[in-house]
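Colleague: For reference, the structure I am asking about is given below.
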Amino acid sequence: MKKPRRVYKIIKILLIFFLIIIVLYALFQYVCAPVYDFPQKQKFSGNRIYNPYQNCNSGAWKKAVFHLHSKSWGGIANGAGSDQQIFDRYQYLGYDVVTLSNYQKINHAKYPVQQEYIANYEHGFGIKKNHHINISASSVLAFDFMFPQTLSNKQFIINLLRTRTKVLALAHPDWNGAVSANDIKQLCNYDLLEIQSNYRNSVNLWDTALSAGAAVFLLVDDDGHDINNPNVVGRCLTMVNTNETSQVSVIDALKTGKTIGVAVGSIENESFETKKVNIGQLPVLNYLYLAYDTIKLSVSKKASEIQFIGQQGQVLKTVNNTSKTSYIFKHKDTYVRTQITFADGSVYYLNPLIRYNGKAFAEYQPTLNVVITVLKNAIFIILLIVIIGFNLRRKPKKQG
């Protein structure tokens, strides 16, 4: 009978140990972590209009994917397929830029078609899936908050990641309620929003961010975890306008908005041969330029619908069955983005044209609330002292 009692005692000790760790982790997250004051953002304004596509070359559109998983961490992480299998598949489909974004790990494999290697990884392991894509990352942040995150928790992680990467994107923000509409109005210090993937459409949050005055551009990705599944491969991509696939050129295009998000029209379980043909025949944005206050747009194939969308996601104008159209940028318009739907079901999301002062967008930074942060830390320390003191003063039970 002694052996089962010993096993029971060990299990009990381990459970108590893990419970203590969980409690301390929760206390640190909700009591000890920094608290921020967030700036009041202003709607875009100014007498100039920023057009990310003004000098784009219609022959320089490159197909890219930045959110993609191969087998890693010994198969524990969610990813099926070797690096080489993934590269072979996307090369067959005609992609120009492929960067692997394994969880908490920079993969150093280089896509052979690409001019230069670009380091990348997906950060985040909390239960609410507050994940981030770190493009051109210098190192991995090994820390995250496990439990549902407060607004300040989310900003704290963003700030830590910002120092380690050149392009920071919020991944699938609308998934599992990771980022709310209120959050996206206030969060600062990131570059891109993943507005579409195989798992979530977050365009509504994008319009909320833009309407608040945050100049963030788009990212659209497969977020594929199984290279052999045609339903998650080659369905969502980002077109990057660059003559080269060097790291500097790709990063510049992402940060300045010379990109198009594409949800590729497809059917369930279609063959990769069919997928290759469809991706190879995707339309091209010929031009989108400003003539004084008029947006003029042309695509290489007739679109079934073209929408111009503005503040709060309001549809400003819709035209049908055309490859060319225009829209007058009105004085009340703060930003105007274009959404194009083609007959095969493909949807093109274009970055917004934005009102500004002609020099730079307003930059918003949260400030640390020192008083509340110090006060909460003091409470955390007092609680620890009380708990430790209580346990030290407990008298051992008398032996019968």
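The values are calculated or read from the model by the stated rules, or taken from the named source; none is laboratory data. Note that this is a predicted model, so its numbers are computed, not measured. Cβ atoms come from the backbone with ideal geometry, glycine included; neighbour counts cover every protein chain shown. The area values use the complete protein model at the heavy-atom level, side chains included, leaving out ligands, DNA and RNA. Shrake-Rupley method; radii C 1.70, N 1.55, O 1.52, S 1.80 Å.
Colleague: Taking only the range 270-294 into account, find how many residues are in contact (Cβ under 8 Å) with a residue 60 or more places away in the chain and open to solvent by less than 40 Å² (accessible area, probe 1.4 Å).
Modeller: Selection size over the range 270-294: 8.
The rows are residues; the columns are (1) among the β-branched types (Val, Ile, Thr); (2) without any contact (Cβ under 8 Å) to a residue 40 or more places away in the chain.
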{"residue": "PRO4", "(1), (2)": "no, yes"}
{"residue": "LYS9", "(1), (2)": "no, yes"}
{"residue": "LYS12", "(1), (2)": "no, yes"}
{"residue": "PHE17", "(1), (2)": "no, yes"}
{"residue": "ILE21", "(1), (2)": "yes, yes"}
{"residue": "ALA33", "(1), (2)": "no, no"}
{"residue": "ASN47", "(1), (2)": "no, no"}
{"residue": "HIS69", "(1), (2)": "no, no"}
{"residue": "TRP73", "(1), (2)": "no, yes"}
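Colleague: Does PHE361 satisfy the condition of being of a type in the set (Phe, Trp, Tyr), modelled with pLDDT of 95 or more and open to solvent by 40 Å² or more (accessible area, probe 1.4 Å)? Show your work before the answer.
Modeller: On the way: of a type in the set (Phe, Trp, Tyr): yes; modelled with pLDDT of 95 or more: yes; open to solvent by 40 Å² or more (accessible area, probe 1.4 Å): yes.
Taking the combined requirement at face value, the residue satisfies it.
Colleague: Tell me whether the range 369-387 contains one or more residues that are within 24 Å of TYR36 (Cβ to Cβ), at pLDDT 95 or above and open to solvent by less than 40 Å² (accessible area, probe 1.4 Å).
Modeller: yes
Colleague: Are there any pairs with C-beta distances below 9 angstrom linking a residue in the range 300-322 that is on the phi > 0 side of the Ramachandran plot to a residue that is in a strand (DSSP E or B) and open to solvent by less than 70 Å² (accessible area, probe 1.4 Å), with the two at least 6 apart or on different chains, and if so which?
Modeller: Partner pairs satisfying both residue conditions: ASN321/ALA303; ASN321/SER304; ASN321/GLU305.
Colleague: Only residues that are within 13 Å of PHE217 (Cα to Cα), assigned to a strand (DSSP E or B) and not aromatic (Phe, Trp, Tyr): list them for the range 339-353, please. Spell out the reasoning first.
Modeller: Filtering the range 339-353 for residues within 13 Å of PHE217 (Cα to Cα) gives 349-353.
With assigned to a strand (DSSP E or B) added as a condition, the list becomes 349-350, 353.
Within the range 339-353, LEU350, LEU353 qualify.
Colleague: Continuing with this model, one more query. Out of everything in the range 248-269 that is surrounded by 15 or more Cβ atoms within 10 Å (Cβ to Cβ) and part of a loop (DSSP other than H, G, I, E, B), what residue ends up being modelled with the lowest pLDDT?
Modeller: Going through the qualifying residues, I end up with SER266.
Colleague: Would you say LYS41 is within 30 Å of PRO366 (Cβ to Cβ) and either of a type in the set (S, T, N, Q) or not in a helix (DSSP H, G or I) (or both)?
Modeller: Values: within 30 Å of PRO366 (Cβ to Cβ): yes; either of a type in the set (S, T, N, Q) or not in a helix (DSSP H, G or I) (or both): yes.
Yes.
Colleague: While we're here: Quick check on THR245: is it closer than 26 Å to LYS166 by Cβ, in a loop (DSSP other than H, G, I, E, B) and either under 27 Å from the mean Cα position of the chain (by Cα) or not charged (D, E, K, R) (or both)? First the steps, then the outcome.
Modeller: Values: closer than 26 Å to LYS166 by Cβ: yes; in a loop (DSSP other than H, G, I, E, B): yes; either under 27 Å from the mean Cα position of the chain (by Cα) or not charged (D, E, K, R) (or both): yes.
Taking the combined requirement at face value, the residue satisfies it.
Colleague: With the checklist (1) touching a helix residue (DSSP H, G or I) at 6+ places or on another chain (Cβ under 8 Å); (2) under 30 Å from LEU160 (Cβ atoms); (3) of a type in the set (A, V, I, L, M) in hand, flag the one item ILE309 doesn't pass.
Modeller: Result: ILE309 passes all but (2).
Colleague: Picking from TYR103, TYR92, which residue would you name as being at negative phi and more than 22 Å from the chain's Cα centre (by Cα)?
Modeller: On the way: TYR103 fails: more than 22 Å from the chain's Cα centre (by Cα).
Among TYR103, TYR92, only TYR92 is at negative phi and more than 22 Å from the chain's Cα centre (by Cα).
Colleague: Another question, then. Considering only the range 279-324, how many residues are in a strand (DSSP E or B) and either modelled with pLDDT under 95 or not basic (Lys, Arg) (or both)?
Modeller: So the first thing to find is which residues in the range 279-324 are in a strand (DSSP E or B), and the list is 285-291, 294-309, 315-324.
Right, trim to either modelled with pLDDT under 95 or not basic (Lys, Arg) (or both) and you get 285-291, 294-295, 297-300, 303-309, 315-316, 318-323.
Adding up the residues that qualify gives 28.
Colleague: Would you pick out the residues in the range 141-181 that are open to solvent by less than 10 Å² (accessible area, probe 1.4 Å) and aromatic (Phe, Trp, Tyr)?
Modeller: PHE145, the sole residue that qualifies.
Colleague: Across the range 191-234, what is the number of residues that are part of a loop (DSSP other than H, G, I, E, B) and not hydrophobic (A, V, I, L, M, F, W, C)?
Modeller: From the range 191-234, those part of a loop (DSSP other than H, G, I, E, B) are 191, 197-200, 202, 213-216, 221-223, 225, 227-234; that's our starting set.
Filter once more, so that each one left must be not hydrophobic (A, V, I, L, M, F, W, C): 191, 197-200, 202, 213, 221-223, 225, 228-231, 234.
So the count comes out to 16.
Colleague: Do we find that ASP83 is acidic (Asp, Glu), open to solvent by 40 Å² or more (accessible area, probe 1.4 Å) and touching a residue at least 12 places away in the same chain (Cβ under 8 Å) in this structure?
Modeller: Values: acidic (Asp, Glu): yes; open to solvent by 40 Å² or more (accessible area, probe 1.4 Å): yes; touching a residue at least 12 places away in the same chain (Cβ under 8 Å): yes.
Yes: the conditions hold for ASP83.
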